[in-house]
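Undergrad: What follows is a single structure, and I will ask about it in a moment.
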Amino acid sequence: MDHSKAFRIMQQADKLAEFTSMQGGLTRTYLSAQHKQAHQQLANWMTSAGLTTWQDSVGNQWGRKAASNLDAPILILGSHSDTVADAGKYDGNLGVLLAISALEQLQDVEFPFHIDVVAFADEEGTRFDTTLIGSSAVAGIFDPRWLAIEDGEQISMAQAMQTFGLDPQQAGKDRLACEKVLAYLEVHIEQGPVLEAADRAVGVVTGIAGAKRYQLSVKGMAGHAGTVPIGMRADAMCGAAQMTSAIEAYAKQHNLVATVGKCDVVSGSVNVIPGEVNFTLDIRSLEQDSLEKACDDLLTELSVIAEQRGLTFAHQLFYQAQAVPCSERLQQAWGDVVAKVTDKSVTFLPSGAGHDALAMAHLTEVGMLFVRCEKGISHHPLESVMQEDVAVALECTKQMLLAQLRAYGDQSDQ
Ligand SMILES: [Zn+2]
């Protein structure tokens, strides 16, 4: 294991964290000035690693280890370079740095396919009200209507692209063709506690959970907190609370995750019976069928609760992502590599968080490796990984590329 290379990656992660718009913390949003600087830095590191660099129509930063045959297919390896507000240093960035470092070490090995490292420019969706902009453009599912979406300062995505040096008219037009791409590989921090509990540095991802998000609304009757008897109320907050408990109970019973993360009592006041409550539901499952069924079951159950309490209930779906299984072939390849590098049994685990692989699955088969992070904390300045684990992840990435080289050779021999 090469600890000096892992040490350098840790240093590079620290360096990238300096490109931030937040005083005393890390916030790097899509198409910001700091984002441009971070990409320049990444391009410099890519060049030092022997890669040819370019930026695509939506600002993704690429670096290529080219095959001698210019028409050769492409293996894509990467993650994202944007962050949430007040973020940690490793979410996304670690996967990009590992990819560059692995290719730097493989400079002298000739591959019959191109290997492209990508830093996707938007995964988190922090600035504009949509996520996975970078990978969607590559995978051919960029929606031109997104260009009109405005950020918190009323700057449209199209304007922000211009400031960044891009032509919004071209956004997504350089999508890749399915037949050109061999696979998409990504290394990412786990963002959960499973690997730490299993005492493993890395783990193989089985798939990315599908998700649905609803805006829910409960309406009752506002009234005086002192004069309306407790049995004669239509209290929207009590209804929402019962619904939240029902959501938790359902998730526990059915082995999925569901969260009420936002709750707003409309014109809430200490001495007024809540007349209207708006809240959200985020629900995820690795199985698309169980996700669909859970949503149907839950919405019915919540309507019944509303009816029993004399409340009206409304729901609106505002986001959904299909569950994406990782390719069996790539899971097995990662598994073989992890077993060889770590000499331990391999942990396979699902991803509850969304990743660029969700969009890239529209283009090609996807394979992901997770790296243990301390206490599963992410999207937070306390996000932390161990240098020893980074060394393991780096060796696995390198070995995975070599395994793909061998598999490609076997395929073309037949
Ligand atoms: Zn991420």
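The values are calculated or read from the model by the stated rules, or taken from the named source; none is laboratory data. Being a predicted model, the structure only gives us computed values, none of them experimental. Neighbour counts run over all protein chains shown; Cβ positions are idealised from the backbone, glycine included. Areas reflect the complete protein model, heavy atoms only, side chains present, ligands, DNA and RNA absent. Shrake-Rupley method; radii C 1.70, N 1.55, O 1.52, S 1.80 Å.
Undergrad: Answer yes or no as to whether LEU349 is of a type in the set (A, V, I, L, M) and open to solvent by 10 Å² or more (accessible area, probe 1.4 Å). Before the answer, list the steps.
TA: Details: of a type in the set (A, V, I, L, M): yes; open to solvent by 10 Å² or more (accessible area, probe 1.4 Å): no.
Answer is no for this residue.
Undergrad: Oh, and also: Cβ-Cβ distance below 8 Å, separation of 6 or more or different chains: which pairs start in region 189-205 with a residue that is of a type in the set (Lys, Arg) and end on one that is assigned to a loop (DSSP other than H, G, I, E, B) and within 16 Å of the ligand (Cβ to nearest atom)?
TA: Sorted first by the residue in region 189-205, then by its partner, the pairs are ARG200/ARG372.
Undergrad: Run down ASP116, ASP122, ASP108 and say which single residue is in a strand (DSSP E or B) and either in the same structural domain as HIS380 (by TED's automatic domain parsing) or more than 20 Å from the chain's Cα centre (by Cα) (or both). Give the steps one after another, and end with the answer.
TA: Details: ASP122 fails: in a strand (DSSP E or B); ASP108 fails: in a strand (DSSP E or B).
Testing whether each residue is in a strand (DSSP E or B) and either in the same structural domain as HIS380 (by TED's automatic domain parsing) or more than 20 Å from the chain's Cα centre (by Cα) (or both) leaves just ASP116.
Undergrad: Continuing with this model, one more query. Got a sec? Which strands (runs of 3 or more DSSP E) wholly within region 255-373 have at least 1 residues that are modelled with pLDDT of 95 or more and outside the structural domain of VAL138 (by TED's automatic domain parsing)?
TA: On the way: elements: 257-259, 263-265, 276-285, 312-321, 348-351, 366-371.
Fully inside region 255-373 and qualifying: 257-259, 263-265, 276-285, 312-321.
Undergrad: Are any residues in region 256-267 open to solvent by less than 50 Å² (accessible area, probe 1.4 Å) and of a type outside the set (Val, Ile, Thr), and if so, which ones?
TA: LEU256, ALA258
Undergrad: Okay, next question. Out of region 90-126, which residues are touching an Asp or Glu at 6+ places or on another chain (Cβ under 6 Å) and at pLDDT below 95?
TA: Scanning region 90-126 gives a single hit, GLU124.
Undergrad: Out of (1) surrounded by 15 or more Cβ atoms within 10 Å (Cβ to Cβ); (2) more than 16 Å from the ligand (Cβ to nearest atom), the odd one out for ASP356 is which?
TA: For ASP356, the exception is condition (2).
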